[in-house]
Structures are given as C-alpha cells and as structure tokens.
Amino acid sequence: MKILVVDDSATMRRIVENNLKTSGFEDIVQATNGVEALANMAGIELVLTDWNMPVMDGLSLVKEIRSNPTFANVPIVMITTEGAKEEVIQALKEGVNDYIVKPFTKQVLLEKIEKVLEG
Amino acid sequence: MDVKYINPFINATINTMETMMGLSIEPKPPYTKDKLQTQGDISGVIGFAEKNVSGSVVLSFPEETALKLYAALTGDKVFQITRDVEDSIGELTNIVAGGAKTVLAAQGLTFNISIPSVIVGKNHTINTKIDSPIIVIPFQFDRLRFVMEVTMKVDL
C-alpha cells in the first residue's frame with residue numbers, strides 16, 4: 001500500500017513514517033505541503049495530512065483531491081492540532097474520512113487507518 | 001493573569017510528553033519572570049491573538065533536554081542541535097499550543113495561533129510586547145528540566 005504523509009514538520013513526518021514502517025507499511029511518500037502532495041498523488045492509496053501548512057494547507061489539499069476524478073476516492077486522514085469540534089466538522093464536511101488530534105499514539109494512528117481502509 | 005488560562009498549557013505539555021514520548025513529566029511551582037533572558041539553549045515560540053486575546057507561549061530547553069526529547073520522538077540520537085532538532089522543538093510547541101487552544105475554546109476563549117518560531121543560542125532573549133506578567137512553569141523528568149513561559153492578556 002502506497003501512503004502519502006503530508007506535514008511541514010520533518011519531525012512529524014518522521015514520527016508517522018516510523019509508526020507506519022514498524023507496522024508493515026513500507027511504501028511511504030512524504031510531502032511538506034499541499035502543492036507537493038498533489039504532485040505526488042500518482043498511485044497513492046491513503047493520504048495522511050496535517051491541516052496548517054505553508055503554500056497550501058491541508059483543507060485546501062482535501063478539496064483539490066476530492067474534486068479530481070482520478071483521486072477523489074482516496075481515503076484521507078487529517079492529523080492536526082486543530083481539535084475544536086467546529087474544526088473537526090469542517091474537515092469532515094470537506095471530505096476527510098477521519099481525524100486525529102495531535103498528540104496521538106501509534107495505536108490511535110493504526111486504528112484510524114484500519115477504520116478508513118475498511119470503510 | 002487568571003490561573004484558568006494557564007492550566008490548559010500545563011496540562012497540554014504533560015499530555016504531549018506522555019502521549020508522544022511516554023515521558024512522565026512533573027510541573028514545579030510557577031513564578032513570574034522579571035527579565036527577558038530565557039533559561040534554555042533552544043526555545044519554541046508561538047504567539048496567539050484575537051480581538052480580545054493576545055499572548056505567547058514559549059517552551060525553552062537546555063541542549064541536553066532537547067537532544068533527549070528529539071531522540072525519544074524520532075529514534076535518532078544526535079549530539080548537537082541540528083535543523084531537525086529545531087523542527088522537533090517547533091512541533092512540540094505547536095502541539096502544546098494547539099492542545100491549550102482547544103481546551104480554552106471549549107471554555108469560550110477562542111484565538112488563532114501563529115506558526116512556531118525556534119530560537120537557538122545560549123542566554124538568548126525573547127521580547128514580548130504583551131502588557132501582562134510572564135508566568136514561568138518549570139518541568140522535570142528524570143534529572144532533566146525545561147521551562148514553559150506563558151503570557152496572556154484577555155479583555156472580556
């Protein structure tokens with residue numbers, strides 16, 4: 001499974017990638033913002049994206065993916081510090097499949113991934 | 001500054017260290033700061049603002065503490081402050097500020113937070129234009145220490 005991890009923090013990309021690789025997900029692509037993410041969407045089967053990023057934020061990325069017929073059905077999990085109820089609702093309305101508020105554990109990350117892949 | 005605005009930052013720091021790194025950290029008694037100089041070698045800074053709220057939160061770490069936290073977060077051992085260590089301190093500060101923001105929003109106090117800035121150097125200073133006391137909360141884990149500095153002005 002090819003997974004795209006989008007976050008402007010190298011530390012957070014590394015944490016997510018470490019968690020994925022130690023759980024058997026080997027094919028990981030990284031991007032630092034929404035524009036880079038869109039350029040790397042070919043073959044991607046799951047997107048894990050931050051919300052607040054420079055150049056193009058995560059919510060704009062979600063809108064772009066959902067409006068592109070080629071990628072519209074790719075599952076997206078948002079991983080962000082934006083934890084207010086209104087923000088979660090907004091992200092879900094834009095087409096995010098699930099939502100993780102930082103800080104998170106490896107267990108939560110894997111449970112959410114499993115859930116969206118089953119869905 | 002009302003303690004109800006400070007506790008969410010303390011709790012977010014404890015929660016972040018526990019959840020992301022499995023570290024049990026202990027807050028020490030807070031005090032007010034009377035000089036600009038920080039106590040750390042590297043500091044993450046986030047400002048927040050809304051029409052009736054302004055302030056900032058700083059997480060300031062001695063080099064040894066920052067390197068240990070970086071290793072706990074990423075699994076990588078480094079021996080000096082690198083760009084990656086700077087990034088990790090910025091991200092930790094971001095997660096703490098975001099956690100506090102969420103709790104305060106649920107209490108009716110909403111504001112936006114800035115992207116994190118990171119300052120490196122011995123005896124560095126951080127100036128603030130906020131006309132409000134700076135509360136310093138020391139934290140300890142194992143034999144390592146770091147401090148959080150919070151200042152917040154709320155006009156309700």
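Computed from the coordinates by the stated procedures, all read-outs in this text should not be read as laboratory data. Just so we're clear, the structure is a prediction, and the values are computed from it rather than from any experiment. Note that each Cβ is placed from the backbone with ideal geometry, even for glycine, and that neighbours are counted across all protein chains shown.
With the Cα gyration tensor of segment A:2-110 giving a ≥ b ≥ c as the square roots of its eigenvalues, does the rule (a/c under 1.5 for rounded; else a/b larger than b/c for prolate; else oblate) give rounded, prolate or oblate? Before the final figure, lay out each step's value.
Numbers: a/c = 1.43, a/b = 1.08, b/c = 1.32.
Taking the square roots of the gyration eigenvalues as a ≥ b ≥ c, segment A:2-110 is rounded.
Suppose R0 equals 22 Å. What FRET efficiency, 1/(1 + (r/R0)^6) with r the Cβ-Cβ distance, do A:L92 and A:A39 give to the nearest 0.05? Walk me through the numbers on the way to the answer.
Numbers: r = 26 Å, r/R0 = 1.16.
The value I calculate is 0.30.
Between the listed residues A:P69, A:I79, A:V55, the Cα displaced farthest toward the positive end of the dipole of segment A:2-110, a dipole computed from Cβ unit charges relative to the Cα centre, is found at A:I79. With the simple model of a label 7 Å out from the Cα in the direction of the Cβ, B:D34 to A:E64 spans 5.3 nm. Beta bridges per DSSP, both residues in the protein assembly as shown: antiparallel share near 70 percent. Taken residue by residue and averaged, Cβ atoms of other chains lying within 10 Å of the Cβ of A:7-17 number 6. Averaged over the residues of peptide B:88-101, the number of Cβ atoms from other protein chains lying within 10 Å of each residue's Cβ is 5.
Packing, as the average of other Cβ atoms within 10 Å across residues, places the peptides B:85-95, A:109-119 in the order B:85-95, A:109-119, highest first.
Per residue of A:100-109, other chain Cβ atoms within 10 Å of the residue Cβ number 4 on average.
Would you list B:R83, A:R66 from fewest to most Cβ contacts within 10 Å? Intermediate results must be reported in sequence, preceding the final value.
On the way: B:R83 10, A:R66 15.
With the fewest neighbours first, B:R83, A:R66 line up as B:R83, A:R66.
Put the Cα centre of segment A:55-108 next to the Cα centre of segment B:33-106 and the gap is 25 Å.
Does the protein assembly as shown come out rounded, prolate or oblate by the C-alpha gyration tensor, with a ≥ b ≥ c the root eigenvalues, rounded set by a/c under 1.5 and, if not, prolate when a/b is larger than b/c and oblate if not? Cα axes put the protein assembly as shown in the prolate bin.
Applied to segment B:132-143, the Karplus parametrisation 6.51 cos²θ - 1.76 cosθ + 1.60 on θ = phi - 60° returns per-residue 3J(HN,Hα) values of 7, x, 9, 8, 9, 10, x, 10, 9, 9, 6, 10 Hz, with x for Gly and Pro. Scoring B:17-24, A:80-87, A:97-104 by mean Cβ neighbours within 10 Å over their residues and listing the highest first yields A:97-104, A:80-87, B:17-24. Dipole magnitude for the protein assembly as shown: about 500 debye, using +1 per Lys or Arg Cβ and -1 per Asp or Glu Cβ, origin at the Cα centre. Basic side chains Lys and Arg get +1 at the Cβ, acidic Asp and Glu get -1 at the Cβ, and with that the dipole of chain A about its Cα centre reaches some 120 debye.
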